[in-house]
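Chemist: First the structure, which I've put down as structure tokens, then a few questions once you've had a look.
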Amino acid sequence: MGREGAGNDIVEIKVHQRRENNVGSPPPYQNKSVFKKWVPWLVPLFVVANIAVFIAVMYVNDCPTNSGSCVAPSLGRFSFQPLKENPLLGPSSSTLVKMGALDVARVVNKHQSWRLISCIWLHAGVFHVVANMLSLLLIGIRLEQEFGFFRIGLVYVISGFGGSLLSALFIQTGISVGASGALFGLLGGMLSELITNWTIYANKSAALTTLLCIIAINLAVGLLPHVDNYAHIGGFLSGFFLGFVFLIRPQFKWINQKACPPGYIAPPAKSKHKAYQFTLGIVALLRGVNVNDHCSWCHYLSCVPTSLWSCKSRQVYCQSSQLGNQLNLTCLSNGKSNLYYLSADDLSKVQQLCAQLCS
């Protein structure tokens, strides 16, 4: 409408303040929180389970009855093996094997494949379990808050299995225990999550640099003797590939499925891991394949020899004589002798006693 005024031409235009079809108004669902925060309970449960299993292992170990000389004897049957045998304040190797440690000979010859999973819940000593559980709390709590218990639980268990499998393919002697492979899987998942969700991070370079430094330091520690770096590498690679599938966040440019045309089916996320890869690894392990026979330099991934230490395990030999339940052992390398009282069930501990005598 127009309106004339005296002396001046004034034009009044009425504009509607509200438009019914405002294209710029966001849909209601955008007002909701995009990223759901989960209450972490699985990672604390894993910590409690690992500690409970360690206490159970120490109960079964019963150092005063089986070894005699123990550290912290006031703890009774929960006391620790001698430091020369286990400097980490823990049980004997034979007890760990009895409770499910990864022993390739038993996996191959007795088809005890379950040890590939059971070993990730066992630890060699107090220092070992404390270090791993603190790391699990620091890494796992944040991941479970962001992605939920189901996805983080899958990454943890599958990465632990992948680490055990790679370790068994390369290390044919000795035993292996610990959650390090599963922890490295969480680190690998964090790296792939950072790469996938790169655009939503504020301090990208700082986050990437910090994470890479943590990974590099832990892998470097694995180059020391008596540390199973193959489990670290296997767990890290498993978690890294799984992270591209399980730890994806919705991006700004992604299309909401509600806005897709009828009949549109989004392609499913493809796993970087294929089922046949784990299957081939298990088959190779059960057939007794030692990957070191086909890779002349791969042993350097687990231990690098220097002037300070050697990567070759020292073989010990003892001369034994048995009369009833009395076993007399003499170490051939240092000449030490000792008399042990063993039952028929304890004959498997002879090699352990020999190693303790020669140390």
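Chemist: Based on what the data block shows, is Ala52 modelled with pLDDT of 55 or more and under 30 Å from Leu339 (Cα atoms)?
Modeler: no
Chemist: For Ala206, which of the numbered conditions (1) modelled with pLDDT under 90; (2) assigned to a helix (DSSP H, G or I); (3) closer than 23 Å to Lys36 by Cβ; (4) of a type in the set (Gly, Ala, Ser) fails to hold?
Modeler: Tallying (1) modelled with pLDDT under 90; (2) assigned to a helix (DSSP H, G or I); (3) closer than 23 Å to Lys36 by Cβ; (4) of a type in the set (Gly, Ala, Ser), Ala206 fails exactly one: (3).
Chemist: While we're on this one: Does Ser92 qualify as being in contact with a helix residue (DSSP H, G or I) (Cβ under 7 Å, 6 or more places away or on another chain) and more than 27 Å from Pro44 (Cβ to Cβ)?
Modeler: For Ser92, the condition - in contact with a helix residue (DSSP H, G or I) (Cβ under 7 Å, 6 or more places away or on another chain) and more than 27 Å from Pro44 (Cβ to Cβ) - is met.
Chemist: Out of Leu137, Leu116, report the one residue that is among the aliphatic types (A, V, I, L, M) and closer than 14 Å to Ala231 by Cβ.
Modeler: Selected residue: Leu116, the only one of Leu137, Leu116 that is among the aliphatic types (A, V, I, L, M) and closer than 14 Å to Ala231 by Cβ.
Chemist: Might you let me know whether segment 157-164 holds any residue that is crowded, with 24+ Cβ neighbours inside 10 Å, modelled with pLDDT of 90 or more, under 18 Å from the mean Cα position of the chain (by Cα) and more than 21 Å from Phe244 (Cα to Cα)?
Modeler: yes
Chemist: From Ser74, Ser79, which residue is free of Cβ contacts under 8 Å to residues at least 60 places away in the same chain, surrounded by fewer than 17 Cβ atoms within 10 Å (Cβ to Cβ) and over 21 Å from the mean Cα position of the chain (by Cα)?
Modeler: Ser74
Chemist: Kindly provide the set of residues from segment 175-209 that are of a type in the set (Ser, Thr, Tyr) and over 19 Å from the mean Cα position of the chain (by Cα), ordered by number.
Modeler: Of everything in segment 175-209, those that are of a type in the set (Ser, Thr, Tyr) and over 19 Å from the mean Cα position of the chain (by Cα) turn out to be Thr196, Thr199, Tyr201, Ser205, Thr209.
Chemist: Could you tell me whether Val97 is in contact with a strand residue (DSSP E or B) (Cβ under 6 Å, 6 or more places away or on another chain), over 19 Å from Gly162 (Cβ atoms) and either touching a residue at least 40 places away in the same chain (Cβ under 8 Å) or in the same structural domain as Asn338 (by TED's automatic domain parsing) (or both)?
Modeler: Criteria met by Val97.
Results for (1) part of a helix (DSSP H, G or I); (2) buried (at least 19 other Cβ atoms within 10 Å of the Cβ), shown as yes or no for each residue.
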site: Pro44; (1), (2): yes, no
site: Val57; (1), (2): yes, yes
site: Gly68; (1), (2): no, no
site: Glu85; (1), (2): no, yes
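Chemist: Filter segment 165-206 down to the residues that are surrounded by 15 or more Cβ atoms within 10 Å (Cβ to Cβ), of a type in the set (A, V, I, L, M) and within 19 Å of Glu146 (Cβ to Cβ) and list them by number.
Modeler: Ala182, Leu183, Leu186, Leu187, Met190, Leu191, Leu194
The values are calculated or read from the model by the stated rules, or taken from the named source; none is laboratory data. Being a predicted model, the structure only gives us computed values, none of them experimental. Neighbour counts are summed over all protein chains in view; Cβ atoms, including those assigned to glycine, are modelled from backbone coordinates with ideal geometry.
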